[in-house]
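Visitor: Have a look at the structure that comes next, please.
The values are calculated or read from the model by the stated rules, or taken from the named source; none is laboratory data. This one's a predicted model, so the numbers in the text were calculated from it and none came from an experiment. Here the Cβ positions follow ideal geometry from the backbone for every residue, glycine too, while neighbour counts run over all protein chains shown. The protein model used for the area step is the full one, side chains on, heavy atoms only, and it has no ligands, DNA or RNA in it. Shrake-Rupley method; radii C 1.70, N 1.55, O 1.52, S 1.80 Å.
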Amino acid sequence: MDQTLQIGDTSFHVRTAGEGSPLVLVHGFPLDHHMYDAVFEPLAEQHQVIAIDLRGFGQSDGYREIVPMEMFADDIAAILDAMEINEQVNFAGLSMGGYIGWQMWQRHRDRLSRLILLDTRAIADDEVQSRARRMAAEAVLSAGMEDVPVNMLPKLLAPSTMSDKPDVVTAMTEMILRQDPRGVAAAQRGMAQRPNVESWLPEITIPTLVISGEHDVISTPQEMQGFAAQIPGAQFVEIPDAGHMVPMENPAAMCEAVLPFCRDLE
Ligand code: MLT
């Protein structure tokens, strides 16, 4: 079911299906909830799946000059309130969705039962990276999204996906092109100032699953395994035949990791 939730001045688009313990899916940048299309139905066989379009992405509005990761997390808590989901949720976030996951833990931990971190990082940007983000924000505001896919796709997708899975390449390209530059620029500026959360990791007391694509060059398996080791009891899974976009590049393997993780602890 597709829903529009009006919260304050913002209308949020949310897709839901299934029954069982809630599983919130939070997309990466510069994407929307459709990046979870290939895993949505399989996960909904065992969960109430809630796939959100973040503020400024997909069919959600609520544009700001800058959206810090904290604001995205507060939006998600407000969406759960509006949906009257009082039970704790399994939270899965990819990349920027993972940065938001850290903030969910920091600000709304009473709402979480489990944390699933896909292709994401615990460290902040260095100065060069945050300057590049601020420039990229200006670039999309003046020139639009047209050049973004060709620049980003080789970093987001494994070489084998680029050559052998034209449907994934097309879906990614179209998803990036339809994002609103105002939402993209605001999130870039927000990511540029996100904190280093390494000191939070030993304090995470809920079951945590860390998933990395074997060929991820943005958040490498080595880096992810390193931060997973700092979270007490966290499981680490490396997914073959995938880069940064595990749910699109190897959806079956993602479901094979996520479903038992959620089920085993119920
Ligand atoms: C994402 O997939 O969300 C981005 O790679 C995040 C980032 O730019 O750091």
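Visitor: Taking the Cα centre of the stretch 10-93 as origin, work out the dipole magnitude from +1 charges on Lys and Arg Cβ and -1 charges on Asp and Glu Cβ, in debye rounded to 20.
Guide: Computed charge dipole of the stretch 10-93: roughly 140 debye.
Visitor: So, one more: Calculated from DSSP H runs of 4 or more alone, at -39500 (n - 2.57) each and per residue, what is the 222 nm mean residue ellipticity of the chain, nearest 500?
Guide: Mean residue ellipticity, 222 nm, calculated: -13000 deg cm²/dmol.
Visitor: Please compute the alpha carbon radius of gyration of the stretch 52-93, then divide it by the globular-protein estimate 2.2 N^0.38 Å. Two decimals is fine.
Guide: For the stretch 52-93, the normalised Cα radius of gyration comes out at 1.21.
Visitor: Given a 1.4 Å probe and the protein chains all in place, what does the accessible area of E87 round to, in Å² to the nearest 10?
Guide: 100
Visitor: Please compute the net charge surrounding T170, taking Lys and Arg as +1 and Asp and Glu as -1 over other residues with Cβ under 15 Å from its Cβ.
Guide: -3
Visitor: Another one. How large are Rg and Dmax for the chain when calculated on the C-alpha trace, in angstrom?
Guide: Considering the chain through its Cα atoms, Rg and Dmax are 16.9, 49 Å.
Visitor: Separation of the stretch 88-146 and the stretch 1-57 by C-alpha centroid, Å?
Guide: 16
Visitor: Once you list every other residue whose beta carbon is under 13 Å from the beta carbon of I79, what net charge do they have if Lys and Arg are +1 and Asp and Glu are -1?
Guide: -2
Visitor: Top to bottom by accessible area (1.4 Å), largest first, where do E127, E223 land?
Guide: Sorted by accessible area, descending: E127, E223.
Visitor: Another question, if that's okay. Compactness ratio of the stretch 1-44: Cα Rg over 2.2 N^0.38 Å, N = residue count?
Guide: My calculation over the Cα atoms of the stretch 1-44 gives 1.25.
Visitor: Hey, got the dipole for the chain? About the Cα centre, +1 on K and R Cβ, -1 on D and E Cβ, debye to the nearest 20?
Guide: 580
Visitor: Which of rounded, prolate, oblate describes the stretch 179-254, given a ≥ b ≥ c as roots of the alpha-carbon gyration tensor eigenvalues and a/c under 1.5 marking rounded, otherwise prolate only if a/b is larger than b/c?
Guide: In terms of gyration-tensor shape, oblate.
Visitor: Now a separate question. Tell me the Rg and the Dmax, in Å, that the Cα atoms of the stretch 94-157 produce.
Guide: Cα-based Rg and Dmax for the stretch 94-157 come out at 15.0, 42 Å.
Visitor: Hey, got a sec? Which chymotrypsin sites (Phe, Trp or Tyr not before Pro) in the stretch 92-145 land in a DSSP loop and have at most 13 other Cβ atoms within 10 Å?
Guide: Here no loop site has a sparse enough neighbourhood.
Visitor: Using 0.36 nm per residue of separation minus the Cα-Cα distance, give me the extension gain between E198 and D2 in nm, one decimal.
Guide: Value of the extension gain: 66.9 nm.
Visitor: Let me ask something additional. Among all helices in the chain defined by DSSP H, which have a length of 18 Å or more along the axis from Cα atoms plus a Kyte-Doolittle mean of at least 0.5?
Guide: The qualifying helices are 69-82, 251-264.
Visitor: With charges set only on the Cβ (+1 for Lys and Arg, -1 for Asp and Glu), what does the dipole of the stretch 16-154 come to about its Cα centre, in debye to the nearest 20?
Guide: Here the size comes out at about 420 debye.
Visitor: Leaving ligands, DNA and RNA out of it, work out the accessible area of K165 with a 1.4 Å probe and give it in Å² to the nearest 10.
Guide: Surface accessible to solvent at K165 totals approximately 60 Å².
Visitor: Taking the radius of gyration and the Kirkwood hydrodynamic radius from Cα positions alone, what is the Rg/Rh ratio for the stretch 1-143, to two decimal places?
Guide: Here Rg/Rh amounts to 0.96.
Visitor: Let me know the shape class of the stretch 6-82, please: from the alpha-carbon gyration tensor, a ≥ b ≥ c as square roots of the eigenvalues, rounded when a/c is under 1.5, otherwise prolate if a/b is greater than b/c, or oblate.
Guide: The shape class here is prolate.
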